[in-house]
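Notes follow once the structure below has been shown.
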Amino acid sequence: MRCQNCGADNSDGYKYCINCGQPVGAGAPPAAGANWTEKILPKRKRALAVSIAVSVVLLAVIILVLVLNANPVAGRWYAEDGTQLIMLQNGKGMTVTDASGEAGRIHFMYAVGYREPGYVEGQIYETADEDGAWFYLLDGALEFDGEYYSRQKPAAAAKQ
């Protein structure tokens, strides 16, 4: 005889299941916890699936916010002659360092004026009351003050 609680096979003469101890037989009522796996496990699986889905969505939103707020201009930029252009993350402060490592002009601020995928333009201000010089970032190359800069240090400058 099959137990209604755990599904174990029992001999016909048994009053109680040899596996779980619940009453078995033709007139035995199902135990209070009968088929609990069919009732509780699907709820737990649903709750787990919902919490995983919510976590994935939150992680995607956080990554999207970080990517959209990332400043594509900040960091070190190198000209062919080894000149470095250093643009700070917060938009305040920018230096130009020549190939020998001596700091040249120091600018106080830059501001991104326009942005779209693959293209950014903005202005670099030397003083607060000045109009500033425009810079352009197009497909990973930054143009400022008639010079082009890239993220990669040129091979000639790297050997020095």
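Only the coordinates and a few stated rules stand behind these numbers; no lab work does. These numbers were taken from a predicted model, which means no experiment stands behind them. Because the Cβ atoms are built from the backbone with ideal geometry, glycine has one as well, and the counts that use them run over all protein chains shown.
Model label points for Ala74 and Tyr148, set 7 angstrom from Cα along the Cα-to-Cβ axis, are 2.7 nm apart.
At a Förster radius of 41 Å, what calculated FRET efficiency corresponds to the Cβ-Cβ distance of Leu48 and Asp81, to the nearest 0.05?
Computed FRET efficiency for Leu48 and Asp81: 0.10.
Each residue of segment 45-59 is assigned a 3J(HN,Hα), and the resulting list reads 5, 5, 4, 5, 5, 5, 5, 5, 4, 5, 4, 5, 5, 4, 5 Hz, derived from the Karplus form 6.51 cos²θ - 1.76 cosθ + 1.60 (θ = phi - 60°), x at Gly and Pro.
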